[in-house]
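Undergrad: Provided herewith is a single structure, encoded as structure tokens, for subsequent inquiry.
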Amino acid sequence: MTDTPRPSFRRIVFKPSGEALAGEGGTGLDGDTIEATAREIIDLRQNLDVDVAVVVGGGNFWRGREGSLRGMDATQSDHIGMLATVMNALALQDALEREGQETRVQSAIEMPRIAEAYIRRRAVRHLEKGRVVIFAAGTGNPFFTTDTAAALRAAEIDAEVLIKGTHSGVDGIYSADPRTDRAATKFEEISYMDVMTKDLKVMDTTAIAFCRENGIPIVVFDMSKEGSLRSIVQGGHEGTLVRD
Ligand code: UDP
């Protein structure tokens, strides 16, 4: 850990992976895990007055390219992946609202019976009114990931940071996978370029390049440690900070 101060943040895009809403096995939805995630979000919104937008992943239900049915058309498979994120968004919305937090789900694929359509100005207005906005259905396009959706939404709503929560048990970005390589060391901070050139598989390259171009810092951290999210928005040294 270094003593270099980290910035604190007033408007964030938080990107929990799909697994962050699942139980031990990493698949489906788990009530306790979702509630724990909801409580951390509410703490930021209600106690620290942070504008919180959430982009949810879908990997706990479907992975467009790896886990899909063999031979399936790639675009079709990605459409299923995006619908998976909508299920997660609705589950998280429910958990937040049960705890008394007003929310709106905005979907990049229109489904007016269950969510608003994504409209940037409207999303910003919700944030200004103290609502948590959950962005569902990724970018609405196949061949992308929810990491890229999170980067895009962060730029659109002028978020100060993209915070990516994983559930891998790995608390940031390492020189190699610490679960298999004992010599792996953790980066307190690393540049966008280094993440890309060293091929550190923490986030997809499209998302990192996009954040670099648009000057959006990224923090990657392990969500299983309670209180980490709060610490990050207050400038604490959790996880790894990616910036120029
Ligand atoms: N997806 C997509 N376009 C997007 C976002 C997601 O096609 O803009 C699909 C893609 O198939 C992806 C799946 O949705 O594999 C689930 O998203 P992701 O893998 O990013 O979820 P996470 O790993 O964060 O759980």
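The values are calculated or read from the model by the stated rules, or taken from the named source; none is laboratory data. Just so we're clear, the structure is a prediction, and the values are computed from it rather than from any experiment. Glycine also receives a Cβ, built like all others from the backbone with ideal geometry; neighbour counts cover every protein chain displayed.
Undergrad: Mind telling me which of the residues Ala115, Ala154, Ala123 ends up being buried (at least 19 other Cβ atoms within 10 Å of the Cβ), within 24 Å of Asp30 (Cα to Cα) and at pLDDT 95 or above?
TA: Ala115
Undergrad: Also: Can you tell me which residues in region 195-211 are acidic (Asp, Glu) and surrounded by 15 or more Cβ atoms within 10 Å (Cβ to Cβ)?
TA: Residue satisfying the conditions is Asp204 alone.
Undergrad: With the condition being over 15 Å from Lys15 (Cα atoms) and within 16 Å of the ligand (Cβ to nearest atom), I'd like the helices (runs of 4 or more DSSP H) fully within region 168-233 carrying at least 2 qualifying residues.
TA: Where helices (runs of 4 or more DSSP H) fall fully within region 168-233 and carry at least 2 residues being over 15 Å from Lys15 (Cα atoms) and within 16 Å of the ligand (Cβ to nearest atom), they are 205-213.
Undergrad: Counting only residues that are in contact (Cβ under 8 Å) with a residue 60 or more places away in the chain and over 17 Å from Ala151 (Cβ atoms), how many does region 215-226 have?
TA: 2
Undergrad: Another question about this same structure. Take region 62-74 and flag every residue that is modelled with pLDDT of 85 or more and near the ligand (Cβ under 8 Å from one of its atoms).
TA: Within region 62-74, just Trp62 meets the criteria.
Undergrad: Pairs under 7 Å by beta carbon, first residue within 18 Å of Thr166 (Cα to Cα) in region 198-214, partner among the charged types (D, E, K, R) and assigned to a helix (DSSP H, G or I), six or more apart or different chains?
TA: Met203/Asp147; Asp204/Asp147; Ala207/Asp147
Residue-by-condition table, conditions (1) away from the ligand (no atom under 16 Å from the Cβ); (2) loosely packed, with under 14 Cβ neighbours inside 10 Å:
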site	(1), (2)
Arg6	yes, no
Phe14	no, no
Gly28	no, yes
Glu35	yes, no
Ala38	yes, no
Asn47	yes, yes
Gly58	no, no
Met87	no, no
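Undergrad: Which of the residues spanning region 131-167 are assigned to a loop (DSSP other than H, G, I, E, B), within 19 Å of Val50 (Cβ to Cβ) and out of contact with any helix residue (DSSP H, G or I) (no Cβ under 7 Å at 6 or more places or on another chain)?
TA: Arg131, Asp158, Ala159, Glu160
Undergrad: Now, a different point. Take region 2-22 and flag every residue that is in a loop (DSSP other than H, G, I, E, B) and out of contact with any Leu (no Cβ under 8 Å at 6 or more places or on another chain).
TA: Thr2, Asp3, Thr4, Pro5, Pro7, Ser8, Phe9, Arg10, Ser17
Undergrad: Any residue at all in region 102-117 that is touching a strand residue (DSSP E or B) at 6+ places or on another chain (Cβ under 7 Å) and in a helix (DSSP H, G or I)?
TA: no
Undergrad: Looking at region 36-60, I want the residues that are within 24 Å of Gly26 (Cα to Cα) and assigned to a strand (DSSP E or B) and have a partner that is of a type in the set (Lys, Arg) and within 12 Å of the ligand (Cβ to nearest atom) with Cβ atoms under 7 Å, at least 6 apart or on another chain. Which pairs are those?
TA: As it stands, the answer is Ala53/Arg153; Val55/Lys15; Val55/Arg153, since those pairs meet every condition given.
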